[in-house]
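Step one of this worksheet: look at the structure below.
The values are calculated or read from the model by the stated rules, or taken from the named source; none is laboratory data. Only a predicted model underlies this, so the values are computations on that prediction, with no experimental measurement involved. No Cβ is skipped: glycine too gets one built from the backbone with ideal geometry, and neighbour counts run over all protein chains shown. We work out accessible area using only protein heavy atoms, side chains counted, and drop any ligands, DNA or RNA first. Shrake-Rupley method; radii C 1.70, N 1.55, O 1.52, S 1.80 Å.
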Amino acid sequence: MVWVKLGILIIGFVYAGLIPFTVRRVVRQIDFDLHQQTLSFLSNKTLYDKRYVRGYTRLLFVTAVLHYVFFWLLSKYYNLGEHETYMRYITYSFAFFTLLAFVPHNIKPYSFKRLSTTLQRLVHNLLAIIVFLSLPILIILFQTAVIHTMPFMGIAGLILIGGTLVLTAIYIIRQGVNGISEIFFINGISFWTVFVTIYTVLFG
């Protein structure tokens, strides 16, 4: 279990910091309006240089892998292999995350005359919504699975993810979906990840 705990420590901090750190660095280098654009715009090859598009694809794919490994390590440490729903959602969220990485964004209008770009835009948006929903669902499944053996971590984790969802929803209702709302959501996931990582290493 020592190696599993060490893996949780390393993967947890990398997983929590990769997207926030990378996005912060990239948006400072390019003309990117977080109030008007979502982060998916970085995968739009008609708007940004190919190196940014490739970089965004790699970022999402690496994050998907880290996501899978982190939650799998949690399942090993807390003996959650028998929680079939939790284990399935690890696989589902990883699959959708990976697909999102390789289906680029476009802003071309929906039209039957441009069926391929229309389908691409539709699939990308659907995948983004599914990933947005699957991450908190997976976290809630984890929290409810450990709440009986680790009540403080279970309750505190639910409060963190619940607060993130409520505040993100309020922002979206007021300002719409944009880069800021996405970063707010991502930072909430990151705070939860750091909390669970530290608590597991110190008290698990």
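Here are the numbers for this structure:
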item: At 1.567 mPa s and 4 °C, Stokes D of region 74-121 from Kirkwood alpha-carbon radius, µm² per second; result: 97
item: Under the Karplus curve 6.51 cos²θ - 1.76 cosθ + 1.60, θ = phi - 60°, whole-Hz ³J(HN,Hα) for region 185-197, x wherever Gly or Pro sits; result: 5, 4, 5, x, 4, 5, 4, 4, 4, 5, 4, 5, 4
item: Whole-percent carbon and sulfur share, accessible surface of the chain, 1.4 Å; result: 69
item: On Cα atoms only, tilt of 50-77 relative to the major axis of the chain in degrees; result: 20
item: In Å², nearest 10: area of K50 left accessible to a 1.4 Å probe; result: 140
item: Dipole of the chain, positive end: most advanced residue of V166, G188, L115 [Cβ charges, Cα centre]; result: L115
item: Estimated inter-spin distance, T144 and I159, nm [label 7 Å along Cα→Cβ]; result: 2.0
item: For the chain: accessible area per residue (Å², 1.4 Å); result: 56
item: Helix-derived mean residue ellipticity, 222 nm - over the chain, DSSP H n ≥ 4, -39500 (n - 2.57), to 500; result: -27500 deg cm²/dmol
item: ³J(HN,Hα) computed for each position of region 88-101 - Karplus, 6.51 cos²θ - 1.76 cosθ + 1.60, integer Hz, glycine/proline x; result: 5, 5, 4, 5, 4, 5, 5, 4, 5, 4, 5, 4, 4, 4
item: Derived scalar couplings ³J(HN,Hα) [region 133-141; Karplus, 6.51 cos²θ - 1.76 cosθ + 1.60; whole Hz; x for Gly, Pro]; result: 7, 5, 5, x, 4, 4, 5, 5, 4
item: Cβ charges +1 (Lys, Arg) and -1 (Asp, Glu), total dipole of region 15-156, debye; result: 680
item: Cubic angstrom per residue, convex hull over Cα atoms of region 13-169; result: 126
item: For L122, net neighbour charge (Lys/Arg +1, Asp/Glu -1) across residues whose Cβ lies under 12 Å away; result: +3
